[in-house]
Amino acid sequence: MDAKGRVYKFGDNIDTDVIIPARYLNTQDMKELAAHCMEYADPDFADKVNTGDIMVAGENFGCGSSREHAPASIKALGISCVIASSFARIFYRNSINIGLPILECPEASKDIEDGDDISVDFSTGVITNSTKGKTYQAAPFPDFIKEIIAAGGLLNSIK
């Protein structure tokens, strides 16, 4: 249940309209949502991402409307984890509910750069930047969140 991949870095206050533009909210097709993930911030983002890659952002990631489409598009694209200085509360909750691992770590958010190769140990909260030879400490997930993520989301964990 760990993550390892290339970093795609974004700034502060990335709202849900940037994560997935509103014009795509009528679809439930996860491939369609993934294809348009972050296109306002980086039109080629979906074409560059490999399964397992990691997003790093600044403060207040996922602010704006409470749509579940935003974390769903990130997960459908194959992003294995999102690290930020802070998350909007509803985005944080929606991410965990669908099984998308997200970690708050201001130090990692500031120091990790676009293109770095990092790994994340969800059990310990240790983020390792192999490009820079540095580690950062995020709070590890409590057991109940680990179970939700391992099951692929809240509904699956209840089943």
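The values are calculated or read from the model by the stated rules, or taken from the named source; none is laboratory data. As the structure is a prediction and not an experimental result, all values here were calculated from the model. Ideal geometry is used to build each Cβ from the backbone, glycine not excepted, and the neighbour counts take in all protein chains shown. Note: accessible area is taken over every heavy atom of the protein model, side chains too, but ligands, DNA and RNA are not part of it. Shrake-Rupley method; radii C 1.70, N 1.55, O 1.52, S 1.80 Å.
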Summing +1 per Lys or Arg and -1 per Asp or Glu among the other residues with Cβ less than 13 Å from L103's Cβ gives -3
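Per residue, how much accessible surface does the chain expose to a 1.4 Å probe? Answer in Å², no decimals.
Numbers: 7600 Å² over 159 residues.
Here the per-residue accessible area is 48 Å².
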Length gained if D114 through R89 is fully extended, taking 0.36 nm per residue and subtracting the Cα-Cα distance, is 6.5 nm
Extension length gain for V126 and A41 (0.36 nm per residue less Cα distance), in nm, is 27.8 nm
Here region 95-110 yields Karplus 3J(HN,Hα) values (6.51, -1.76, 1.60; θ = phi - 60°; whole Hz; Gly and Pro given as x) of 5, 4, 4, 9, x, 9, x, 9, 10, 8, 7, x, 5, 5, 4, 6
For region 16-156, the accessible surface attributable to carbon and sulfur atoms (probe 1.4 angstrom, ligands and nucleic acids excluded) amounts in percent to 49 percent
With 0.36 nm assigned to each residue of separation and the Cα-Cα distance removed, M30 to L155 gains 43.3 nm
For the chain, averaging the sequence separation of alpha carbon pairs under 8 Å that lie six or more residues apart and dividing by its residue count, the contact order in percent is 24 percent
